[in-house]
Amino acid sequence: MPERSFTLDIVTPEQLVLSEDVVSLTVPGVEGYLGILAGHAPLMAELRGGVIEARRGDRTRVAMEIGGGFMEVSHNRAIVLADTAEPIA
């Protein structure tokens, strides 16, 4: 059975950095790391600077270094509003 996915959008003041379907997401909240899966309850969280890691359905990973911001989770979508976001190779 394929894993359920949700849409992840990472946005900075300058641009949409990433928009794709992922099966899991880990973000650096101000109180500690938060894990998000498809169907997560609605959530608003402040983020500190650090690394966001997401896993796609094909098990590949995408990682971004962010400079803090906020995240909203609702309706099977996670939107990260980051001060800065740079891909990690």
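The values are calculated or read from the model by the stated rules, or taken from the named source; none is laboratory data. If you're wondering where the values come from, they're calculated on a predicted model, not measured in any experiment. Neighbour counts run over all protein chains shown; Cβ positions are idealised from the backbone, glycine included.
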- Every pair of residues 6+ apart whose Cβ atoms lie under 8 Å, when the first sits in the range 26-47 and is charged (D, E, K, R) while the second is assigned to a loop (DSSP other than H, G, I, E, B) and at pLDDT 95 or above: E46/V30
- Item | In the range 64-86, residue nearest to L16 (Cα to Cα) [restricted to those that are in a strand (DSSP E or B) and either at pLDDT below 95 or charged (D, E, K, R) (or both)] | E86
- Note on the structure: Scanning the range 73-87 for residues that are over 12 Å from the mean Cα position of the chain (by Cα) and within 17 Å of R48 (Cα to Cα), the one surrounded by the most Cβ atoms within 10 Å (Cβ to Cβ) turns out to be T84
- Is one or more of the residues making up the range 51-63 β-branched (V, I, T), modelled with pLDDT of 95 or more and more than 12 Å from the chain's Cα centre (by Cα)? yes
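What about T7, is it of a type in the set (S, T, Y) and under 20 Å from A89 (Cβ atoms)? Explain how you work it out, then say what you get.
Details: of a type in the set (S, T, Y): yes; under 20 Å from A89 (Cβ atoms): no.
Considered against the rule, which asks whether it is of a type in the set (S, T, Y) and under 20 Å from A89 (Cβ atoms), T7 comes out as no.
If I ask for residues that are assigned to a strand (DSSP E or B) and buried (at least 17 other Cβ atoms within 10 Å of the Cβ), which ones from the range 1-17 would you list?
So in the range 1-17, the residues assigned to a strand (DSSP E or B) come out as 6-11, 16-17.
Of everything in the range 1-17, those that are assigned to a strand (DSSP E or B) and buried (at least 17 other Cβ atoms within 10 Å of the Cβ) turn out to be F6, L8, I10, V17.
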- Residue check, G39 against (1) at negative phi; (2) outside any strand (DSSP E or B), all met but one. Which one? (1)
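Which ones in the range 18-52 are aliphatic (A, V, I, L, M), closer than 19 Å to E86 by Cα and crowded, with 16+ Cβ neighbours inside 10 Å?
Listed by number, the residues that qualify are L18, V22, L25, V27, L47, I52.
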